[in-house]
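Read the structure below first, then the notes.
The values are calculated or read from the model by the stated rules, or taken from the named source; none is laboratory data. Quick caveat: nothing in here was measured; it's all calculated off a predicted structure. Neighbour counts are summed over all protein chains in view; Cβ atoms, including those assigned to glycine, are modelled from backbone coordinates with ideal geometry.
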Amino acid sequence: MRCVVHSINREKTLELYTQYLHKHKLPVYKQFNWEVVEGRREGAFIWDMNGKRYFDCHTCGGTYNLGHRNPEVINAVKNALDHLDLGNHHLPSPVRALLAEQLVKSAGETPDGEKMGRVMWASGGGEAMDFAFKMARGYTRKNKILCLDGGYHGHTGLAMGAGDKKYTKAWNTNPPDFVKVPWQDLGEIEKYFDDDTAAVTLESIPATLGMTIIPRKVMQHIRKVTKENGILMILDEIQTGMGRSGKTWCFHHYGIMPDIFAIGKGFSGGVMPSAATIYRDEMEQVFAENPLIHFSSFGGNEISCAASSVALTKATDPECLAYTRKLAAFFREEFDKLRQETDKIAGLRQLGLFQAIEYKDVATCISAVERLNNNGVFCLFSNNDRISSQFMPPLTLTMDEARELMDLVRKSVNEAESFDLEGSDYFKTQTESRIKNVLHQLD
């Protein structure tokens, strides 16, 4: 059978996309050279149907941590298809049981005995966060969720409510009891607590808000005061997890254990949709009266579990994590040099390979993103703080590829000028950085 990718040409694909999918996206994409029609993909690269090759530094928020079409993941899925199908989500299954155990153990244990205990499957990160919020409210019998102003947790119902206001305004939908805390108030978040506060939720590093790293002392303070006040801490590890930060879970850098955390994207191995919510054992009591009050039709399906098991094994492998840190050190050194060569960039926001290039201003950032895409580096600005562009190559990038990638970055930054923000209906909605005077470091 002929592959569907080769059944129509590039022009016909764009015609059908515009007619049946998204009419308004392509004109915006054109402004920053994001006019890629995906064809072949392999490892660190994707190819446009016109043959142009791109380094994938977007990776769909870390979905392709292991690169595109990772052979080990694909073989695991093929083997599963020889014996399994999606499975019945109501029934026990060896595949699901073993992966749940692997997940819980991957979180580790703190010196005072804190650890995770249970897993709820989901088919995507938004669904996983929705369940996290349901669990927090169901367990505490309280309603208020504190979340970061400008954050992002997905586009589904409750997850949308926890994110930036642009995600609720467009749909005239505003789930109640989500209270947005400004970045500068995170270090004294307790002033937002009251008797109806169920949880504080944060991305371990806010991705769409420019990958601005929350200092360790701030995150540890939040964990301390939430414990003292009987408030849950929910961490969104959907983009930061699965080894992306140089540790299996980003919260390991902070030396804390949340009450609930959600995962997705890289958990899929880049092949099969997969996500989950991991939570403390005592919260399972919410299901005692009615064990059938929540399930996911496709979450934890047995074909996805095969892919996720490989991905999680890689994310907990000390050698894989050490290599991620080696790549991170290379990029840190190269960007430090680049910052000395030009005033167009302010530096690299980085924890492991969770990275964003920070520019001197928003106009330079958008111009640089256009130049990067033009020169074969597929990337995107951070949509909630457009002074930075996300820079997330696969964790499997070779050192030779990393050097080639940096050559293209240097070329693109040197070519960047100042984008006309006011001349664009889309980009004039944010012409300055939303967060100022922040130390973008863990300590």
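Candidates in the stretch 201-246 are the residues that are outside any loop (DSSP other than H, G, I, E, B) and in contact with a Ser or Thr (Cβ under 6 Å, 6 or more places away or on another chain); of these, the one that is nearest to residue 187 (Cα to Cα) is 233.
Checking 302, 289 one by one, the residue that is within 25 Å of residue 115 (Cα to Cα) and over 21 Å from the mean Cα position of the chain (by Cα) is 289 and no other.
What do you reckon, is residue 43 in contact with a Cys (Cβ under 9 Å, 6 or more places away or on another chain), among the small types (Gly, Ala, Ser) and either surrounded by 19 or more Cβ atoms within 10 Å (Cβ to Cβ) or modelled with pLDDT of 95 or more (or both)? The answer is no for residue 43.
Mind listing whichever residues of the stretch 190-212 are modelled with pLDDT under 95 and either loosely packed, with under 15 Cβ neighbours inside 10 Å or farther than 14 Å from residue 238 by Cα (or both)? 209, 210, 212, listed by residue number.
Quick check on residue 263: is it under 13 Å from residue 125 (Cβ atoms) and out of contact with any helix residue (DSSP H, G or I) (no Cβ under 6 Å at 6 or more places or on another chain)? In short, yes.
Is it fair to say residue 152 is of a type in the set (Ser, Thr, Tyr), in the same structural domain as residue 278 (by TED's automatic domain parsing), crowded, with 16+ Cβ neighbours inside 10 Å and not in a helix (DSSP H, G or I)? So residue 152 fits the description; yes. Which residue is surrounded by the fewest Cβ atoms within 10 Å (Cβ to Cβ), if the candidates are limited to the stretch 47-94 and must be without any contact (Cβ under 8 Å) to a residue 24 or more places away in the chain and more than 21 Å from residue 120 (Cα to Cα)? Of everything passing the filter in the stretch 47-94, 82 is surrounded by the fewest Cβ atoms within 10 Å (Cβ to Cβ).
Please work out which residue is surrounded by the fewest Cβ atoms within 10 Å (Cβ to Cβ), limiting yourself to the stretch 250-287 and to residues that are among the polar types (S, T, N, Q) and outside any helix (DSSP H, G or I). Top of the filtered list is 277. The numbered conditions (1) at pLDDT below 95; (2) charged (D, E, K, R); (3) in contact with a Phe, Trp or Tyr (Cβ under 9 Å, 6 or more places away or on another chain) are all true for residue 370 except (1).
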